[in-house]
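**Student:** The structure follows.
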Amino acid sequence: MAPKILVVDDEENMRRLLKRILGKEGYQVECADSGRAALKLAAENSFQLAIVDIGMPEMDGIEVLARLKEMDRAMSVIMMSAFPSREKEQAARSLGCTDYLPKPLNMKYLKDLIKKEFRGSATLRPPEAESSGRPLDQLRSEAELTSL
């Protein structure tokens, strides 16, 4: 089954663009136009990665990031912003974002980053990760060692 990606942005053109580009890469992509819609989708589905815009009305991307991480600490979250700031980047990184990208996005970099995340992230965690009681990092390390 193809990895599932959640795209969260209040700009319809950005959602459409990411859905089309990432869909061509073989990913299942769901889109949300707000933080609330994203959290609802995340509660109903299992996403391995989310791409979240910081500047959205009602609930900004930092809050969405925090809530997504509460739901699934292993989910990779890439933040993006048309108005990047050091303060927002530090806040996002402190909450565990994978990367912080300025808009307009460098699509090649984004695709490479996503491929890298899926190669070595919890997305590929063994099914026993949920029930083994061992930390996911340990399971990832074991999985990497067995794939050498």
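The values are calculated or read from the model by the stated rules, or taken from the named source; none is laboratory data. Nothing here was measured: the structure is a model prediction, and the numbers come from that model. Positions of Cβ are backbone-derived with ideal geometry, glycine not excepted, and every protein chain shown enters the neighbour counts.
**Student:** Being outside any strand (DSSP E or B), farther than 22 Å from LYS103 by Cβ and small (Gly, Ala, Ser) is the requirement here; does GLY55 meet it?
**Tutor:** no
Residues checked against (1) crowded, with 16+ Cβ neighbours inside 10 Å; (2) over 19 Å from ARG15 (Cβ atoms); (3) at pLDDT below 95:
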| position | (1), (2), (3) |
| --- | --- |
| MET80 | yes, no, no |
| GLU89 | yes, yes, no |
| GLY96 | no, yes, no |
| LYS103 | yes, no, no |
| ASN106 | no, no, no |
| LEU110 | yes, no, no |
| LEU113 | yes, no, no |
| ARG119 | no, yes, yes |
| THR123 | yes, yes, yes |
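**Student:** Same structure again: Just to be sure I understand the filter: pairs with C-beta atoms under 9 Å, separated by 6 or more residues or on different chains, first member in the stretch 38-53 and under 17 Å from LEU17 (Cβ atoms), second member modelled with pLDDT under 95 and among the charged types (D, E, K, R). Which pairs pass?
**Tutor:** LEU49/GLU117
**Student:** Here are some residues: ILE78, ILE54, ILE21. Which one is out of contact with any Pro (no Cβ under 7 Å at 6 or more places or on another chain), among the hydrophobic types (A, V, I, L, M, F, W, C) and over 18 Å from MET107 (Cβ atoms)?
**Tutor:** None of the other options fit; the residue is ILE54.
**Student:** Looking at this structure, is MET71 surrounded by fewer than 15 Cβ atoms within 10 Å (Cβ to Cβ), among the hydrophobic types (A, V, I, L, M, F, W, C) and over 12 Å from the mean Cα position of the chain (by Cα)?
**Tutor:** On the way: surrounded by fewer than 15 Cβ atoms within 10 Å (Cβ to Cβ): yes; among the hydrophobic types (A, V, I, L, M, F, W, C): yes; over 12 Å from the mean Cα position of the chain (by Cα): yes.
When the stated conditions are applied, MET71 passes them.
**Student:** Also, quick follow-up: So GLN90 fits all but one of (1) more than 23 Å from PHE118 (Cβ to Cβ); (2) touching a Pro at 6+ places or on another chain (Cβ under 6 Å); what number is the exception?
**Tutor:** Failed condition: (2).
**Student:** Being among the aliphatic types (A, V, I, L, M), at pLDDT 95 or above and assigned to a strand (DSSP E or B) is true for just one of VAL64, VAL29. Which residue is that?
**Tutor:** Every option except VAL29 fails the conditions.
**Student:** If a residue must be in contact (Cβ under 8 Å) with a residue 12 or more places away in the chain, farther than 17 Å from ALA38 by Cα and assigned to a helix (DSSP H, G or I), how many such residues does the stretch 71-91 contain?
**Tutor:** Counting residues in the stretch 71-91 that are in contact (Cβ under 8 Å) with a residue 12 or more places away in the chain, farther than 17 Å from ALA38 by Cα and assigned to a helix (DSSP H, G or I) gives 2.
**Student:** Would you check if there is a residue in the stretch 21-28 being on the phi > 0 side of the Ramachandran plot, charged (D, E, K, R) and over 16 Å from the mean Cα position of the chain (by Cα)? So that I can check it myself, show each step before the final result.
**Tutor:** Taking the stretch 21-28 first, the residues on the phi > 0 side of the Ramachandran plot are 26.
Then keep just the ones that are charged (D, E, K, R); that gives none.
No, the conditions are met nowhere in the stretch 21-28.
**Student:** Please specify each residue of the stretch 92-108 satisfying the condition of being free of Cβ contacts under 8 Å to residues at least 12 places away in the same chain and under 17 Å from LEU68 (Cβ atoms).
**Tutor:** ARG93, SER94
**Student:** Counting only residues that are part of a loop (DSSP other than H, G, I, E, B) and free of Cβ contacts under 8 Å to residues at least 40 places away in the same chain, which one in the stretch 1-16 is surrounded by the fewest Cβ atoms within 10 Å (Cβ to Cβ)?
**Tutor:** Ranking the qualifying residues of the stretch 1-16, first place goes to MET1.
**Student:** Against the definition (modelled with pLDDT of 95 or more, under 14 Å from the mean Cα position of the chain (by Cα) and in a helix (DSSP H, G or I)), how does ARG36 come out, yes or no?
**Tutor:** So ARG36 does not fit the description; no.
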